[in-house]
1. May I ask you to list pairs of residues, at least six apart or on different chains, whose Cβ atoms are under 6 Å apart, with the first in region 128-144 being touching a residue at least 12 places away in the same chain (Cβ under 8 Å) and the second being surrounded by 13 or more Cβ atoms within 10 Å (Cβ to Cβ) and among the β-branched types (Val, Ile, Thr)?
2. Within region 21-56, which residues are of a type in the set (Gly, Ala, Ser), within 23 Å of ASP71 (Cα to Cα) and without any contact (Cβ under 8 Å) to a residue 12 or more places away in the chain?
3. Please verify whether ALA62 is farther than 25 Å from VAL33 by Cα, more than 20 Å from the chain's Cα centre (by Cα) and surrounded by 13 or more Cβ atoms within 10 Å (Cβ to Cβ), treating the condition exactly as stated.
4. Please verify whether region 46-54 includes one or more residues that are more than 22 Å from ILE77 (Cα to Cα), of a type in the set (A, V, I, L, M, F, W, C) and assigned to a helix (DSSP H, G or I).
5. Give, as residue ranges, the helices (runs of 4 or more DSSP H) completely inside region 75-144 that count at least 3 residues that are at pLDDT below 80 and aliphatic (A, V, I, L, M).
6. Of ALA100, ALA29, ALA92, ALA79, which residue is within 30 Å of ALA138 (Cβ to Cβ), loosely packed, with under 13 Cβ neighbours inside 10 Å and not β-branched (Val, Ile, Thr)?
7. Considering each of PRO86, PRO125, PRO121 in turn, give the residue that is free of Cβ contacts under 8 Å to residues at least 24 places away in the same chain and surrounded by fewer than 10 Cβ atoms within 10 Å (Cβ to Cβ).
8. Would you be able to say whether some residue in region 9-16 is assigned to a loop (DSSP other than H, G, I, E, B) and under 30 Å from ALA138 (Cβ atoms)?
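The values are calculated or read from the model by the stated rules, or taken from the named source; none is laboratory data. All values derive from a computational prediction rather than experimental measurement. Every residue, glycine as well, gets a Cβ built from its backbone with ideal geometry; the counts of neighbours run over all protein chains shown.
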Amino acid sequence: MRRLLGPEGCPWDRAQTLESLRPYVVEEAYEVVDAIDRGERDALKEELGDLLFQVVFQSEIAASKGWFTIDDVVEAICAKMIRRHPWVFGDAPKEEGLSAERWEAMKAKEKRIAGVLGGVPVALPALLRAMRVSEKAAAVGFDWQDASGARAKIDEELREVDEA
């Protein structure tokens, strides 16, 4: 990567920024998903490599700015997985590790996420963002089988506003 970005490297690569590479990161991630969906192992291997290249590329640009290196990225993800799996790497009881709610609570605490709907990335595609928001709302009881349940909740909330 350093050679590609060096003085004798590729002019296109040298001209890239974190921002200009954003579409490629997203595209490569979707290509990984597509390869999985098609069940094509060779394509998956290639697409994972392309996605990894984007991580390395972004990390090298960040390193050139003095922000962090690829080694820092690897160390950070290792530390995060150890921290989030105390039942594997620590002395927490194994059954505690099976809770999605516990994982989300740890994630929220680490990222200092405020509010029930916090932590849903704004950059997600609209439908995926809507699904994540819906999942978070459902986790705190805002989930109904049909519109009548949602309507009843709205009516309840409006009554509370009227009474206030």
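1. Here the result reads ARG132/VAL120; VAL133/VAL120; LYS136/VAL116; VAL140/VAL116, each pair linking region 128-144 to a residue that is surrounded by 13 or more Cβ atoms within 10 Å (Cβ to Cβ) and among the β-branched types (Val, Ile, Thr).
2. To start, the set of residues in region 21-56 that are of a type in the set (Gly, Ala, Ser) comprises 29, 35, 39, 43, 49.
Among the residues that remain, those that are also within 23 Å of ASP71 (Cα to Cα) are: 29, 49.
Selection gives GLY49 alone.
3. Values: farther than 25 Å from VAL33 by Cα: yes; more than 20 Å from the chain's Cα centre (by Cα): no; surrounded by 13 or more Cβ atoms within 10 Å (Cβ to Cβ): yes.
In short, no.
4. Taking every residue of region 46-54 in turn, none turns out to be more than 22 Å from ILE77 (Cα to Cα), of a type in the set (A, V, I, L, M, F, W, C) and assigned to a helix (DSSP H, G or I).
5. Values: elements: 86-89, 100-111, 126-139.
Passing ranges, in order: 100-111, 126-139.
6. Working: ALA29 fails: loosely packed, with under 13 Cβ neighbours inside 10 Å; ALA92 fails: loosely packed, with under 13 Cβ neighbours inside 10 Å; ALA79 fails: within 30 Å of ALA138 (Cβ to Cβ).
Being within 30 Å of ALA138 (Cβ to Cβ), loosely packed, with under 13 Cβ neighbours inside 10 Å and not β-branched (Val, Ile, Thr) holds for just one of ALA100, ALA29, ALA92, ALA79, which is ALA100.
7. On the way: PRO86 fails: surrounded by fewer than 10 Cβ atoms within 10 Å (Cβ to Cβ); PRO125 fails: surrounded by fewer than 10 Cβ atoms within 10 Å (Cβ to Cβ).
That would be PRO121, the only listed residue that is free of Cβ contacts under 8 Å to residues at least 24 places away in the same chain and surrounded by fewer than 10 Cβ atoms within 10 Å (Cβ to Cβ).
8. Our first condition is that a residue be assigned to a loop (DSSP other than H, G, I, E, B); within region 9-16, this holds for 9-10, 16.
After this cut, where a residue has to be under 30 Å from ALA138 (Cβ atoms) as well, the list is none.
The answer is no; no qualifying residue exists.
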